[in-house]
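Peer 1: One structure follows; several queries about it will come next.
The values are calculated or read from the model by the stated rules, or taken from the named source; none is laboratory data. If you're wondering where the values come from, they're calculated on a predicted model, not measured in any experiment. Backbone-built Cβ (ideal geometry, glycine too); neighbour counts: all protein chains shown. These accessible areas exclude ligands, DNA and RNA; they are computed on the full protein's heavy atoms, side chains included. Shrake-Rupley method; radii C 1.70, N 1.55, O 1.52, S 1.80 Å.
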Amino acid sequence: MGTRLLPATKSIPKELLPIVDKPLIHYIVEELISAGVTEIVLVTHSSKQALENYFDLNFEIEQTLSSKSKYEDLELLRSMQYDNLKVMSVRQAKPLGLGHAILCAEPIIGKESFAVILPDVLIDDISCQLDKDNLAKMIQNHEATGNGQIMVHPVPEELVDQFGIVDIEGADLEEGESANLRFVVEKPAKNDAPSNFSITGRYIFGPALWVELSKTKAGSGGEIQLTDAVQGMLKESHTFDAYHLVGK
């Protein structure tokens, strides 16, 4: 609902708030395309039709720009019509949490592996010397091992109660490396946190997540928490890796 960004989000979906000249969702789609993703499912709400419209053609605007010879602006708009990219949407009727939002996409995704991307987290890895960007590397790791993937990065210890926190095998995890995940906990107290590695809004799951989400009960904030579902899967011997973000 974007309540932390009111009053702007009273009428504008938070995913369309701009960073310089592009909205948040635009950066996210560019990240997905860079990672080789060709099908995107937006989980939206009835108040977010503008989000669905953003990646659609707007004939009237294009005609106006063309008639006024504003070809640079026209080319900018047309650059968003990515070849071979399918953007679909499904609605979450009530704000029942991230886990519930993901579950809304099950009828479209089915038995395929999939990535979960939170569009209020932007990643800058432009200055990093990666053979592949972060998301592409996570996909590659999943395809090689079959393990679920969760992106993490360290946060100051006094802020651990604001994030989902992971416990990993081994005290040190360098950028671009992965380690086996022991367990996850949503917004722990500082003294209870197993580490200062926070979940960073990038995940790779197999279809086993659907079964776990369907039986996950409401947790923190009265919402169905994704971290609770992941913890349930870990208890049932599903394997996850924590991938250390490269960049900021």
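Peer 1: Suppose a student asked you for the relative contact order of the chain, using Cα pairs under 8 Å spaced at least 6 residues apart; what percent would you report?
Peer 2: Once divided by the residue count of the chain, the mean separation gives 22 percent.
Peer 1: In whole percent, and with a 1.4 Å probe on the protein chains, what portion of the accessible area of the stretch 100-243 is carbon and sulfur?
Peer 2: Values: 3290 of 7190 Å².
Here it works out to 46 percent.
Peer 1: So if each residue of separation counts as 0.36 nm, and I subtract the Cα-Cα distance between residue 57 and residue 190, what length gain in nm does that give?
Peer 2: Stretched fully, the residue 57-residue 190 segment lengthens by 43.1 nm.
Peer 1: Same structure, new question: If you take every DSSP beta bridge whose two residues both sit in the chain, what share of them, in percent to the nearest 5, is antiparallel?
Peer 2: Antiparallel: roughly 65 percent of the beta bridges in the chain.
Peer 1: So, how do all the Cα-to-Cα distances of the stretch 112-226 break down into 10 Å bins, in percent, from 0 on up?
Peer 2: Percent of Cα pairs in each bin: 12, 41, 38, 9, 0.
Peer 1: Can you figure out the FRET efficiency of residue 239 with residue 67, using R₀ = 51 Å and their beta-carbon distance, to the nearest 0.05?
Peer 2: It comes to 0.30.
Peer 1: Label points 7 Å out from Cα along the Cβ direction at residue 87 and residue 175: separation in nm?
Peer 2: Distance between the two pseudo-spin positions: 3.0 nm.
Peer 1: By the gyration tensor of its Cα atoms, with a ≥ b ≥ c the square roots of the eigenvalues, what is the shape of the stretch 67-126: rounded for a/c under 1.5, prolate for a/b over b/c, or oblate?
Peer 2: prolate
Peer 1: Another one. GluC sites (Glu not before Pro) within the stretch 175-222: which are DSSP loop residues with at most 15 other Cβ atoms inside 10 Å?
Peer 2: Qualifying residues, ordered by number: 175, 177.
Peer 1: Tell me the trypsin sites (Lys or Arg not before Pro) within the stretch 168-223 that lie in a loop according to DSSP and have at most 13 other beta-carbon atoms within 10 Å.
Peer 2: Counting only loop positions with at most 13 other Cβ atoms within 10 Å, the trypsin sites (Lys or Arg not before Pro) in the stretch 168-223 are 217.
Peer 1: To continue, here is another question. Using a Cα-Cα cut-off of under 29 Å, which lysines could be cross-linked to residue 86, ignoring same-chain neighbours fewer than 8 residues away?
Peer 2: Excluding near neighbours in sequence, the set is 10, 14, 22, 48, 70, 94, 111, 132, 137, 248.
Peer 1: Additional query: Once you have the alpha carbon radius of gyration of the stretch 47-90, what is it after dividing by 2.2 N^0.38 Å, with N set to its residue count?
Peer 2: 1.31
Peer 1: Another question, then. Just to confirm a number: summing +1 for Lys and Arg and -1 for Asp and Glu over residues other than residue 77 whose beta-carbon lies under 14 angstrom from that of residue 77, what do you get?
Peer 2: -3
Peer 1: Taking Cα centroids, how far is the stretch 1-59 from the stretch 132-204 in Å?
Peer 2: What the calculation gives is 25 Å, centre to centre.
Peer 1: What number results when the radius of gyration of the chain, computed over Cα atoms, is divided by 2.2 N^0.38 Å?
Peer 2: Numbers: Rg = 19.1 Å, N = 248, 2.2 N^0.38 = 17.9 Å.
Against the empirical 2.2 N^0.38 Å value, I get 1.07 for the chain.
Peer 1: Specify the residue with the greatest mean-square fluctuation among 178, 11, 69, computed from a Gaussian network of the chain linking alpha-carbon atoms under 10 Å apart.
Peer 2: Top of the fluctuation ranking is 69.
Peer 1: With a Förster radius of 30 Å, plug the Cβ-Cβ distance of residue 112 and residue 27 into 1/(1 + (r/R0)^6) and report the FRET value to the nearest 0.05.
Peer 2: With R0 = 30 Å, the Cβ-Cβ based efficiency is 0.80.
Peer 1: A further question follows. If you line up the Cα atoms of the stretch 1-79 on their principal axes, what length do they span on each, largest first, in Å?
Peer 2: Per principal axis, max minus min of the Cα coordinates gives 41, 33, 24 Å.
Peer 1: Right, something else. Of the chymotrypsin sites (Phe, Trp or Tyr not before Pro) in the stretch 43-73, which ones lie in a loop per DSSP and count no more than 16 other C-beta atoms within 10 Å?
Peer 2: Passing sites in the stretch 43-73 do not exist.
Peer 1: To continue, here is another question. Label 7 Å along Cα→Cβ of residue 6; the stretch 194-233 residues with amide nitrogen under 11 Å?
Peer 2: none
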